[in-house]
Amino acid sequence: MWLFGSELRAERKALKRRKVEVERALSLLPFNIETVGQRRREKELLHSLAQVDKLMLMFGHSTVYMPQGTAFQGTNVK
């Protein structure tokens, strides 16, 4: 399945929203990470940010091929 036009723009928009959400969550973490839970949360957020950046690079092309059966929605990126 090929994504282009409005579908591709919708995915890019969802990814941008997700990136803003993750960056905001990162900025709300305490300056000094002290607990195990805070370290885990920071690690999860950094991983999510890396995933979103990778997907934004992939969806930056004018046409994107999605394998059949892939149910990707930018809002589902964790």
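Working out 0.36 nm times the residue gap between residue 40 and residue 58, then minus their Cα-Cα distance, what length gain in nm do you get to one decimal?
Extending this stretch completely gives an extra 3.8 nm.
What nm distance separates the two modelled labels at residue 49 and residue 23, each placed 7 Å from Cα along Cα→Cβ?
1.0 nm
Coordinate-derived values only; no laboratory data. If you're wondering where the values come from, they're calculated on a predicted model, not measured in any experiment. In this analysis, Cβ positions are derived from the backbone assuming ideal geometry, glycine residues included, and neighbour counts consider all displayed protein chains.
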